[in-house]
Amino acid sequence: MKRRTFTRRRFMATTAAASATMIAAPFVRTASAAGKISIGFWDHWVPGANNATKTLTEEWGAKEKVEVQIDYIPSQGRKNLLTIAAEAQAKSGHDILAFPTWEPQGHANSLEPVDDVMGELIKQHGKVNPTVEYLGRANGKWIVVPATVGSQIKGPCSRIDLMKQHAGIDVVAMYPAGAPPKAEAWTLAAFMKAAEACHKAGKPFGIGLGTTSDSVDTAGAFFHAHGAALVDAKGTITVKSDKVRQALEYCTKLAAFLPPDAPAWDDSSNNKWLVAGNGALIMNPPSAWAVAKRDAPQIAAQCWTHGFPSGPAGRYAPFLPYFWGIWNFGKNKSAAKSLLLHLSSRAAAEKMVAASAGYDLPSFEKLTDFKTWAEEGPPKGTLYHYPNPHNHQILSVAAAPAPARIAHQIYVQGVQTKMIARVLKGEKMEAVLAWAESECEGFMRT
Amino acid sequence: MVDAVLQGVQTPGATRKRSSLRRTMQRKSTVAFLMALPLILMIAFLVIYPALYSLHLATLNKSMERFVGFGNFLFLFKRETFWKVVEQSCIFALTAVFFKAIIGFTVAHFVHNVPNDRQRKWRGMLLVPWVIPPAMSCLAWLWLFDPSYSAFNWVLGIFNIGPVPWTGDAFWARFSVILVNIWIGAPFFMIMYLAALKSVPDQLYEAAAIDGANWWQRIWYITLPMMRNIIAITALFSLIVTFANFDIVQILTQGGPIDLTHVFATWSFTLGIQGNDIPLGAAVSLFMVPILTVAAVFILRDITRRGNES
């Protein structure tokens, strides 16, 4: 019997052919994606919202003959961040994991490129906003897919009655349900005037100045509205610029009309402020309104979610996307890509938005017209402008456009809110700018 | 024949080895070591390995791809916030341990003087803050200190006092986190001191009373010298645990306002986990080691010296 030898030449040829097939082969979209897949979704804080992802994933698993295992990982106590850090270190874990805003950039080298998935989704649902690109792409490639679940705009949620009564502003007329906004007069100056009036009336705006996300996002949007960046896109520190001075001056002036304990606020403080009926406006996704609907329906019936005021550099709203990423050490990448396509379909996104009572937000431009936002209430239409359906706001994230590794540090350390709190405490503006500059220098390390 | 001779020579040696093994196995210390071995292995796995791993992490660059030696530590030395964290950690730990010791000592005396039949109830009640999981009790304190709806401020408001910015002002925020640490930790001191008090022979007090010693002299010349070792050990343990505290600050203030309550552990978490800079976070957490080592060496040396003297 002739024995066939496996020479080095033959080995090289076989390996090259196999590699070429693997690279050229499209990811599996249909019935051949067999095997097993594990997913770590973010544990939604809207009761029952997890059911949408559970049903959709199991539905896909049954269709594709893939065994699915789902874990819901809460963000309370930063358990999701700990899970991401642990899995990245161990090079083992879920195939798909939910990544909050800044995490994909920190783990770009451990994430599987998803250009193929994103190409398909953009073709189907239209473009994504620049903030999603800024956070979801690294080295010219898409490293994650924007998730509907958990993504949010933290725009103003105003009390219709209090704004009308104390500030003379009809927020419903300014942002009518089912129609484009008529918000030309809704500027930073008008916002300041309204804040002052409501403060005088004993119903101050509930905006925090702590270092948690809600406070940082709001400060970030005010800085953007002035065109102020602490570090520019090239990584140059621009703290001591006139625009930063103007933004800081504006925020400090505004802070005088906020609750005196604002520097100690965390992400629950503004929710409590609204539900307790203490103030005329907060900056939050509709979760605070949803809680009010349950605990204080008379207050919920007076809430209206709308757009940010515009400043000299434009009308910016804080957008905090969540992402789904596939580890490059994942065991079933083709099935993972197939599932991400399924979860990002219009029908799936619509189910997620409905299950979260309008809280979740797809990042694609053609997915802002779901009936949930038009119909949710009371009052009916309160969420119509939440997904920015008329594109009249620039969706941004605080600390952008600095390179993500620097912006992440500025964001997490709450440098902008700390700057405001320091000036408010009595420090000289130039000393505060010097402090912020030194902080940013520290964030440059690689 | 030669083999036979050799075998004859080897036999007593093998017997000696077997009997020496038997003797070793019969020694109490060997048995104790074997029984403690699972625990030693567990400690090696859960404490020594992570400690060495964190040392390794602290020597890497931010993206964890390059060895930077002491680069992270040198970087920290240049940061204003780092020195603020060092200062705050020292204020937090030393103040809290001092007051825990004073309160523990005082309460232990009160309990010691309670008649035996009622003492158990008091001991149980006073231990409650220590046995409740800190994360849970801290949440209760968080509600008491809440910036907008503080229960304390509500009570103070009845007397037209306040509102006090419990977590919004640097002084009050530091006061709040130290107060909660004392509340949780003082019962540990109390129970340790109570045990030490019970071991002081009554004859010493009787002799002192015959000599006409007053209450203060009895404390100063009998109680304190007899309790010196337990006071030192308790202070050391508490200092280590308080320096490494995380939950109280994280739950109550998250290091705020303006970083003025951050301690090593919370700042390390902020940098390492939230900021995705694990090497720098590891370097911050390791900075506690030299401080605590120096404290441990001094305290333990003192205890050994006194042990030798006695």
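The values are calculated or read from the model by the stated rules, or taken from the named source; none is laboratory data. Just so it is clear, the structure is predicted and the values come from calculations on it, not from any experiment. Methodologically, a virtual Cβ is constructed for each residue, glycine included, from the backbone with ideal geometry; neighbour enumeration extends over all protein chains shown. These accessible areas exclude ligands, DNA and RNA; they are computed on the full protein's heavy atoms, side chains included. Shrake-Rupley method; radii C 1.70, N 1.55, O 1.52, S 1.80 Å.
Only residues in segment A:342-363 that are more than 11 Å from A:ALA147 (Cα to Cα) count as the first member; pair them with residues that are among the aromatic types (Phe, Trp, Tyr), Cβ under 6 angstrom, at least 6 apart or cross-chain, and list the lot.
Partner pairs satisfying both residue conditions: A:HIS342/A:TRP60; A:GLU350/A:PHE370; A:VAL353/A:PHE370; A:GLY358/A:TRP373.
Within segment A:213-240, how many residues turn out to be under 18 Å from B:ASP259 (Cα atoms), open to solvent by less than 20 Å² (accessible area, probe 1.4 Å) and among the polar types (S, T, N, Q)? Spell out the reasoning first.
The initial filter retains those residues of segment A:213-240 that are under 18 Å from B:ASP259 (Cα atoms), namely A:213-216, A:219.
Okay, now just the ones that are also open to solvent by less than 20 Å² (accessible area, probe 1.4 Å), so A:214-216, A:219.
This time we only want the ones that are among the polar types (S, T, N, Q), so: A:215.
Total satisfying the criteria: 1.
State yes or no: is B:GLY185 within 14 Å of chain A (Cβ to nearest Cβ), buried (at least 17 other Cβ atoms within 10 Å of the Cβ) and touching a helix residue (DSSP H, G or I) at 6+ places or on another chain (Cβ under 6 Å)?
Values: within 14 Å of chain A (Cβ to nearest Cβ): no; buried (at least 17 other Cβ atoms within 10 Å of the Cβ): yes; touching a helix residue (DSSP H, G or I) at 6+ places or on another chain (Cβ under 6 Å): yes.
Here the answer is no, as B:GLY185 does not meet what is asked.
Kindly indicate whether A:THR382 is of a type outside the set (Asp, Glu) and without any contact (Cβ under 8 Å) to a residue 24 or more places away in the chain.
Numbers: of a type outside the set (Asp, Glu): yes; without any contact (Cβ under 8 Å) to a residue 24 or more places away in the chain: no.
Answer is no for this residue.
Residue-by-condition table, conditions (1) surrounded by fewer than 23 Cβ atoms within 10 Å (Cβ to Cβ); (2) within 14 Å of chain B (Cβ to nearest Cβ); (3) among the basic types (Lys, Arg):
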position: A:THR211; (1), (2), (3): no, yes, no
position: A:ASP242; (1), (2), (3): yes, no, no
position: A:ALA255; (1), (2), (3): yes, yes, no
position: A:ASP261; (1), (2), (3): no, yes, no
position: A:TRP265; (1), (2), (3): no, yes, no
position: A:ASN278; (1), (2), (3): yes, yes, no
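Looking at segment A:312-323 only, could you name the residues that are surrounded by fewer than 24 Cβ atoms within 10 Å (Cβ to Cβ) and of a type outside the set (A, V, I, L, M, F, W, C)?
Within segment A:312-323, A:PRO312, A:GLY314, A:ARG315 meet the criteria.
Please work out which one of (1) over 30 Å from B:ILE278 (Cβ atoms); (2) modelled with pLDDT under 90 is the condition B:PRO134 fails and give its number.
All conditions are met except number (1).
Return a yes/no flag: does segment B:97-107 have any residue that is touching a residue at least 40 places away in the same chain (Cβ under 8 Å), surrounded by 19 or more Cβ atoms within 10 Å (Cβ to Cβ) and aromatic (Phe, Trp, Tyr).
Looking through segment B:97-107, at least one residue is touching a residue at least 40 places away in the same chain (Cβ under 8 Å), surrounded by 19 or more Cβ atoms within 10 Å (Cβ to Cβ) and aromatic (Phe, Trp, Tyr).
Tally up the residues in segment A:414-446 that are open to solvent by 10 Å² or more (accessible area, probe 1.4 Å), within 14 Å of chain B (Cβ to nearest Cβ) and either of a type in the set (Val, Ile, Thr) or not in a helix (DSSP H, G or I) (or both), please.
Going through segment A:414-446 one residue at a time, the tally reaches 7.
Taking segment A:60-80 on its own, how many of its residues are over 18 Å from A:ASN332 (Cα atoms), open to solvent by 20 Å² or more (accessible area, probe 1.4 Å) and not in a strand (DSSP E or B)?
So the count comes out to 6.
Name the residues in segment A:396-410 that are buried (at least 23 other Cβ atoms within 10 Å of the Cβ) and facing another protein chain (nearest Cβ under 9 Å), would you?
A:HIS408, A:GLN409
Residues are listed down the side, and each one gets a yes or a no for (1) under 21 Å from B:LYS100 (Cα atoms); (2) within 14 Å of another protein chain (Cβ to nearest Cβ):
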{"site": "B:GLU206", "(1), (2)": "no, no"}
{"site": "B:ILE210", "(1), (2)": "no, no"}
{"site": "B:ILE251", "(1), (2)": "yes, yes"}
{"site": "B:GLY255", "(1), (2)": "no, yes"}
{"site": "B:THR266", "(1), (2)": "no, yes"}
{"site": "B:PHE269", "(1), (2)": "no, yes"}
{"site": "B:GLY275", "(1), (2)": "no, yes"}
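So, A:ILE326, is that one within 14 Å of another protein chain (Cβ to nearest Cβ), β-branched (Val, Ile, Thr) and open to solvent by less than 30 Å² (accessible area, probe 1.4 Å) or not? Working first, answer last.
On the way: within 14 Å of another protein chain (Cβ to nearest Cβ): no; β-branched (Val, Ile, Thr): yes; open to solvent by less than 30 Å² (accessible area, probe 1.4 Å): yes.
Taking the combined requirement at face value, the residue does not satisfy it.
Residue by residue through segment A:280-306, note down the ones that are of a type in the set (Gly, Ala, Ser) and out of contact with any strand residue (DSSP E or B) (no Cβ under 9 Å at 6 or more places or on another chain).
Restricting attention to segment A:280-306, the residues satisfying the condition of being of a type in the set (Gly, Ala, Ser) are A:280, A:287-288, A:290, A:292, A:296, A:300-301.
Those that are of a type in the set (Gly, Ala, Ser) and out of contact with any strand residue (DSSP E or B) (no Cβ under 9 Å at 6 or more places or on another chain): A:ALA290, A:ALA296, A:ALA300, A:ALA301.
In this structure, is A:LEU383 within 23 Å of the chain's Cα centre (by Cα) and either hydrophobic (A, V, I, L, M, F, W, C) or open to solvent by 40 Å² or more (accessible area, probe 1.4 Å) (or both)?
Working: within 23 Å of the chain's Cα centre (by Cα): yes; either hydrophobic (A, V, I, L, M, F, W, C) or open to solvent by 40 Å² or more (accessible area, probe 1.4 Å) (or both): yes.
The answer is yes for A:LEU383.
May I ask you to say which residue of A:THR131, A:THR101 is assigned to a loop (DSSP other than H, G, I, E, B), touching a residue at least 24 places away in the same chain (Cβ under 8 Å) and buried (at least 19 other Cβ atoms within 10 Å of the Cβ)?
Details: A:THR131 fails: assigned to a loop (DSSP other than H, G, I, E, B).
Criteria check complete, one pass: A:THR101.
Scanning for something closer than 25 Å to B:ILE91 by Cα and either part of a helix (DSSP H, G or I) or open to solvent by less than 30 Å² (accessible area, probe 1.4 Å) (or both), does segment B:118-126 turn up at least one residue? If you could, list the steps in order and put the result at the bottom.
Here is the first cut: in segment B:118-126, the ones closer than 25 Å to B:ILE91 by Cα are none.
Within segment B:118-126, not a single residue is closer than 25 Å to B:ILE91 by Cα and either part of a helix (DSSP H, G or I) or open to solvent by less than 30 Å² (accessible area, probe 1.4 Å) (or both).
Going by what's in this entry, would B:ILE248 be described as within 19 Å of the chain's Cα centre (by Cα) and open to solvent by 20 Å² or more (accessible area, probe 1.4 Å)? Before you say what the answer is, go through the steps one by one.
On the way: within 19 Å of the chain's Cα centre (by Cα): yes; open to solvent by 20 Å² or more (accessible area, probe 1.4 Å): no.
No, not satisfied.
Restricted to segment A:190-209, and to residues that are open to solvent by less than 10 Å² (accessible area, probe 1.4 Å) and part of a helix (DSSP H, G or I), which residue is nearest to A:THR131 (Cα to Cα)?
Out of the qualifying residues, it is A:PHE191.
Name the residues in segment B:67-100 that are more than 9 Å from chain A (Cβ to nearest Cβ) and of a type in the set (D, E, K, R), would you?
Residues satisfying the conditions are B:LYS84, B:GLU87, B:LYS100.
Give the number of residues within segment B:144-173 that are open to solvent by 20 Å² or more (accessible area, probe 1.4 Å) and either touching a helix residue (DSSP H, G or I) at 6+ places or on another chain (Cβ under 7 Å) or within 9 Å of chain A (Cβ to nearest Cβ) (or both).
Residues in segment B:144-173 being open to solvent by 20 Å² or more (accessible area, probe 1.4 Å) and either touching a helix residue (DSSP H, G or I) at 6+ places or on another chain (Cβ under 7 Å) or within 9 Å of chain A (Cβ to nearest Cβ) (or both): 14 in total.
Take the residues in segment B:283-293 that are open to solvent by 10 Å² or more (accessible area, probe 1.4 Å) and either within 7 Å of chain A (Cβ to nearest Cβ) or in a helix (DSSP H, G or I) (or both), then tell me which one is farthest from A:THR212 (Cα to Cα).
B:THR293
So, in segment A:331-351, exactly how many residues are part of a loop (DSSP other than H, G, I, E, B) and either surrounded by fewer than 22 Cβ atoms within 10 Å (Cβ to Cβ) or among the aliphatic types (A, V, I, L, M) (or both)? Can you show your working first?
To start, the set of residues in segment A:331-351 that are part of a loop (DSSP other than H, G, I, E, B) comprises A:331-332, A:344-345.
Narrowing the set further to residues that are either surrounded by fewer than 22 Cβ atoms within 10 Å (Cβ to Cβ) or among the aliphatic types (A, V, I, L, M) (or both) leaves A:331-332, A:345.
Total meeting the criteria: 3.
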